[in-house]
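The values are calculated or read from the model by the stated rules, or taken from the named source; none is laboratory data. Note that the coordinates shown come from a computational prediction; the quantities given were computed from them, not determined experimentally. As a convention, Cβ positions derive from the backbone with ideal geometry for all residues, glycine included, and neighbour counts pool all protein chains shown.
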Amino acid sequence: MAITDWPAAERPREKLLERGAAALSDAELLAIFLRVGLPGVSAVDLARQLLAEFGGLRPLLEAERREFCRAKGLGDAKFVQLQAVLEMARRHLAETLARSDALCSPGAVRSFLAAQLRHRRREVFCCLYLDSQHRVIAFEELFEGTLNAASVYPREVVQAALQKNAAAVILAHNHPSGVSEPSQADIWITERLSQALALVDIKVLDHMIVGEGEALSFAEQGLL
């Protein structure tokens, strides 16, 4: 049965307008993005097939171009549209965070960092530079490592923070393994960076590790 023949309350678009996007399933949201299905296959059924093929919504959204375009019903046009949507979401989060006090908005910080780092396949070390009111000045990727390690140089972090005229920083990096628990090396480099930045009167407010689940906060864990 075509989606147009479904009861109005069950059609994804009408359902979204009536109840909001949060009321839709992953398949229904994806169906709206797809717009059309395949001959004999509705957009919702195609969405369900794609979610099963990729193993869920997140793997589909993070798939590389070649893998994405191999799937039936997808292609370069859909890949381009998806990348544009994801980038708009990242920029929206960045603007939202820039308008708030980062220290008073841990949820916004987590959402922003997850959007920036969770899909990365190599370890990336980043820094959020904050002014004296803890408003975001800039976000910067400083180091990129192998799959499970990144070389972090305190002198370069200090220089970057001074160039941005930062009063405080939030450090962040991802664990491509998905495990957000800090390693001894993570704890050690955080201590070194805190000490180095303290010498120029810049405070490390937090260090967040982005894994599969919610980003781990050093401050909340009592590690700072």
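Points worth noting:
- Checking 132, 217, 194 one by one, the residue that is of a type in the set (Ser, Thr, Tyr), under 22 Å from residue 112 (Cα atoms) and surrounded by 15 or more Cβ atoms within 10 Å (Cβ to Cβ) is 217 and no other.
Here's the yes/no breakdown for (1) within 30 Å of residue 178 (Cα to Cα); (2) at pLDDT below 85:
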{"position": "3", "(1), (2)": "no, yes"}
{"position": "11", "(1), (2)": "no, yes"}
{"position": "19", "(1), (2)": "no, no"}
{"position": "31", "(1), (2)": "yes, no"}
{"position": "34", "(1), (2)": "yes, no"}
{"position": "41", "(1), (2)": "no, no"}
{"position": "47", "(1), (2)": "yes, no"}
{"position": "57", "(1), (2)": "yes, no"}
{"position": "67", "(1), (2)": "yes, no"}
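- The residues of region 168-218 that are closer than 15 Å to residue 106 by Cβ, small (Gly, Ala, Ser) and at pLDDT 90 or above, listed by number, are 168, 172, 217.
- For region 197-214, the set of residues classified as crowded, with 21+ Cβ neighbours inside 10 Å and within 16 Å of residue 117 (Cβ to Cβ) consists of 206, 207, 208, 209, 210, listed by residue number.
- Residue among 156, 181 that alone is within 21 Å of the chain's Cα centre (by Cα) and surrounded by fewer than 14 Cβ atoms within 10 Å (Cβ to Cβ): 181
- Of the helices (runs of 4 or more DSSP H) lying entirely inside region 106-213, the ones with 2 or more residues being out of contact with any helix residue (DSSP H, G or I) (no Cβ under 8 Å at 6 or more places or on another chain), among the aliphatic types (A, V, I, L, M) and farther than 22 Å from residue 63 by Cα are found at 154-163, 184-198.
- All of (1) surrounded by fewer than 19 Cβ atoms within 10 Å (Cβ to Cβ); (2) under 17 Å from residue 122 (Cα atoms) hold for residue 176 with one exception: (1).
- When region 166-224 is filtered for residues that are in contact with an Asp or Glu (Cβ under 7 Å, 6 or more places away or on another chain) and at positive phi, only 178 remains.
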